[in-house]
1. Taking the range B:397-450 on its own, how many of its residues are assigned to a helix (DSSP H, G or I) and within 30 Å of B:LEU363 (Cβ to Cβ)?
2. Out of the strands (runs of 3 or more DSSP E) lying entirely within the range A:130-210, which hold 1 or more residues that are within 14 Å of chain B (Cβ to nearest Cβ) and surrounded by 24 or more Cβ atoms within 10 Å (Cβ to Cβ)?
3. Can you tell me how many residues in the range B:421-439 are within 9 Å of another protein chain (Cβ to nearest Cβ) and within 15 Å of B:LEU191 (Cα to Cα)?
4. Do we have any residue at all in the range A:448-466 that's of a type outside the set (Phe, Trp, Tyr) and under 22 Å from the mean Cα position of the chain (by Cα)?
5. Need pairs with beta-carbon distance below 9 Å; first residue exposed (fewer than 15 other Cβ atoms within 10 Å of the Cβ) and within the range A:319-342, second modelled with pLDDT of 90 or more and assigned to a loop (DSSP other than H, G, I, E, B); sequence gap 6+ or separate chains.
6. Scan the range A:329-343 and give yes if some residue there is assigned to a loop (DSSP other than H, G, I, E, B), within 17 Å of A:VAL206 (Cβ to Cβ), within 11 Å of chain B (Cβ to nearest Cβ) and modelled with pLDDT of 90 or more, otherwise no.
7. Go through A:ALA24, A:ALA40 for me and flag whichever is more than 30 Å from A:SER103 (Cα to Cα), buried (at least 24 other Cβ atoms within 10 Å of the Cβ), in contact with a helix residue (DSSP H, G or I) (Cβ under 7 Å, 6 or more places away or on another chain) and among the small types (Gly, Ala, Ser).
Amino acid sequence: MTQSVVVQVGQCGNQVGCRFWDLALREHAAVNKKGIYDEALSSFFRNVDTRSGDNGPDIYKGKICSLKARALLIDMEEGVVNEILQGPLRDVFDSKQLITDVSGSGNNWAVGYKIYGCQYRENIVEKLRKTAEHCDCLQCFFIIHSMGGGTGSGLGTFVLNLLEEEFPEVYRFVTSVYPSGEDDVITSPYNSVLAMKELNEHADCVLPIENESLFEIVNKIHQMINSGKLGSTVKQNSLVTSSAGSAKTLPEKPFDAMNNIVANLLLNLTSSARFEGSLNMDLNEISMNLVPFPRLHYLVSSLTPLYTLADVNVPSRRLDQMFSDAFSRDHQLIQADPKHSLYLACALLVRGNVQVSDLRRNIERLKPSLHFVSWNQEGWKTGLCSVPPVGHSHSLLALANNTCVKPTFIELKDRFMKLYKKKAHLHHYLQIDGMEQSCFSEAISSLSDLIEEYNELDATKGGPRIDPSRLKIAV
Amino acid sequence: MSIVTVQLGQCGNQIGHEVFSALCSDSRGTHGLCSKKENQSYQDSCKERFFCEEQSAVPVARAVLVDMEPKVISQALSMAASSGHWRYSSHSHFCQKQGSGNNWANGYCVHGPRHKEAIMELVQREAERCDRLGGFFTIMSMAGGTGSGLGAFVTQCLRDAFPTSFILNHLIWPYGTGEVIVQNYNSVLTLSHLYHSSDALLVHENDVIHKICAQLLNIKQISFRDVNQVLAHQLGSVFQPAHPAGGGSGYSRNPLGDLMETLVPHPEFRMLGLRNIPQMPESSLPYSTFSWPGLLKHLRQMLIANAQMEEGIDWQVRPPQPGSSIPCTNKPLHFNTSIANLLILRGKDVHSVDLGGFQDPSLYTSWLNPQDAFNAWKTPRAFNKYEKSAALVSNSQFLLKPLDSIVGKAWNMFASKAYLHQYTKFGIQEEDFLDCFTTLEQVISSYTNL
């Protein structure tokens, strides 16, 4: 069994990360009835003997003593991390896993990357090494951050770079929250594009998330609950947005519901690596199957179902509905419509009581309405995990490498150019040691190249299918 | 003679467990329908082949379990032990922590050399536990990374370490609509490498078994467990003891050797398909009766028309008549030419069965005598509750179309260079791919021109 380490950077990263750990504990508590520290738990948690204080040795087997998250919390302001440490999750984190400062990054990528990066480099490397040493077999780093600010964006991508240098064999999955059009941070396009260059070059897989989509999903759920249309009540803890049953007892903050969705995404992504099933899908398989060319590693994700009704009987019609929903526009976690764009690859990770025949039936049913690239007509990667998420009898995570990410990138580029042409706010960046005009031009050209790659693929969509001729054998 | 089974990857280990379960439960079954002496002889032979009798009295499977991650093997071990009737040895498994990531190159170039010694030591120990080693049976899938890549490497190691032993690779071909996106690359790499080191490749396609589950067994929600149980039944019907043709009264002492001898006369043609009749839900068995002529007629037509099961057979297909070189109808006949066939009959009244239909020379290519091309093994001992059952192992054009399809899709992907960076990163270059494609196009061409 392998371990993964979560690195949460910046305000957004830490808030999402906090929800992730809370829900992870909830999930394992639901499955692990005996209180024994098992392999599934060890993927994200250490079991520490705290009788001799916080520096106690790790216990690898036997009863759970004290669970510590395999995480690194980084923020250049203290507010968010302090709140976490005073909240119900305080025992899950080790004081040695935190790196904080006081003044923040001023929504400036360059401050995050160049100044704090330089300043905290040794500290970060040392803490990463420590975390890695506690792992038997470290497979993956999960970075959670936002793109629009300064810390998450700048320092976050600095850490990404660092991970590639120090731990080249370990996979790097990045969950990036992209800024929306009406973002109140004026410089978010600069920050995002500068960060994108780093993501292009150093990440194995990126899961882009847009707040608008999360917001729409939250609204949709509220409407469903309040409309009274449903015959039965919705199971509270089954909501993809809920914290019900978790350690958090304080009143919900406005972003909590949205962050829970992202937390659930990460839980589902790693479920097959943690729990057993008839067709396992490990994290290295996700990277292998969904990344046909090194730079095209942006995966659009969708989670279904968003909630479960309290009645237990699930006719297969509802199961099929779950599959259909996974491809609909309003279940995607970014503003995109995969159905009308070109699929390069698609992965379906199913949890719960679903068998291979259900999978096959639904793939056959949905395939005709989806456009796949000519060289990957049957490009499906499937996984079956027996353990469903809390509150559900089954669930589905769909990951698509699809050209529908292009509009998001094009918009980002447009917003960047609007500012850049007028050289607005540029001096805030250029005055930082190590920043030059070329950083900007390289970043925008990296983004343009990426968009161009997607364009080329889109151009093949719908065209005549010409199969390359096979090798001829002399008879 | 004993057979050592090597279970590789998730698929190999899941199936292997079902196979041993099926062999054990059939052997212990009370529905043998034959004399006590015959039954005893059958049980002894089965035990010698697949199990090791230890002081503990619960038979221990002669198997080595290999996987690059631990979940599946621990499940297999515990399920076997909890059955109470057989178990795996507690020292015959090898696992790692990280898996192969569906990457053939990772399995073959990295895990293979790294773990060769440890794995081969387990195999050696298992081989030494046999009084007489009859050969190796490896179970693996082609789609993933461990079964396929590491499996190909291990097969080569087996060949190097045991140059005179028989090696039969059981291969699972994935669903056409994808379980793994790079499955066609992995399949092409596996098949071409195995062609050089294995003696024969016995193939099962997931799509076919799925159809059997759906249409013949009427299973509503088909799970991989169901699929694997059908596979185990089909394999059991081949590997359980039977009397070779013309041999003495004893059960075959060299099952793998006999199999290879009858079915693989030429090294270019190593792909074996398997058909089994009848297949029905267990609940229907008491209400069904079978006759040998009926069963064999269906099985023969399944062979000729390349049908995958006993429903939906195209009865229009006929073998070409001697003397006529062009078929008379306009419709292409899709006639399945055989190189060699082996029929294994189990149950009541086997000795009186008329096998003429299978000895018809028009079924076969011209370069073998029909006497040599066709063989039959029999036993009066019924198998797995079927009063009469027949298995056909065939070296024919069964697998031509599926093979062509896999190579075509892989070539299509290769032409666009998609995913190649994942393989080159671990040591498989474009030239290696080209070599593999060449090998397989050769195989396709050979089978097409039968």
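1. Residues in the range B:397-450 being assigned to a helix (DSSP H, G or I) and within 30 Å of B:LEU363 (Cβ to Cβ): 22 in total.
2. On the way: elements: A:138-146, A:171-178, A:205-210.
The strands (runs of 3 or more DSSP E) meeting that bar are A:138-146, A:171-178.
3. Final tally of qualifying residues: 3.
4. Restricting attention to the range A:448-466, the residues satisfying the condition of being of a type outside the set (Phe, Trp, Tyr) are A:448-453, A:455-466.
When the remaining residues are screened for being under 22 Å from the mean Cα position of the chain (by Cα), the result is A:450-451.
Checking the range A:448-466: at least one residue is of a type outside the set (Phe, Trp, Tyr) and under 22 Å from the mean Cα position of the chain (by Cα).
5. Sorted first by the residue in the range A:319-342, then by its partner, the pairs are A:SER328/A:ASP337.
6. No; the residues of the range A:329-343 include none that is assigned to a loop (DSSP other than H, G, I, E, B), within 17 Å of A:VAL206 (Cβ to Cβ), within 11 Å of chain B (Cβ to nearest Cβ) and modelled with pLDDT of 90 or more.
7. A:ALA24
Conditions tested, residue by residue: (1) within 20 Å of B:GLN10 (Cα to Cα); (2) in a helix (DSSP H, G or I); (3) at pLDDT 95 or above.
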{"position": "B:GLY101", "(1), (2), (3)": "yes, no, no"}
{"position": "B:ASN106", "(1), (2), (3)": "yes, yes, no"}
{"position": "B:GLU126", "(1), (2), (3)": "no, yes, no"}
{"position": "B:ILE139", "(1), (2), (3)": "yes, no, yes"}
{"position": "B:GLY147", "(1), (2), (3)": "yes, yes, no"}
{"position": "B:THR155", "(1), (2), (3)": "yes, yes, yes"}
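The values are calculated or read from the model by the stated rules, or taken from the named source; none is laboratory data. Only a predicted model underlies this, so the values are computations on that prediction, with no experimental measurement involved. Counting neighbours? That spans all protein chains shown, and the Cβs are built from the backbone with ideal geometry, glycine included.
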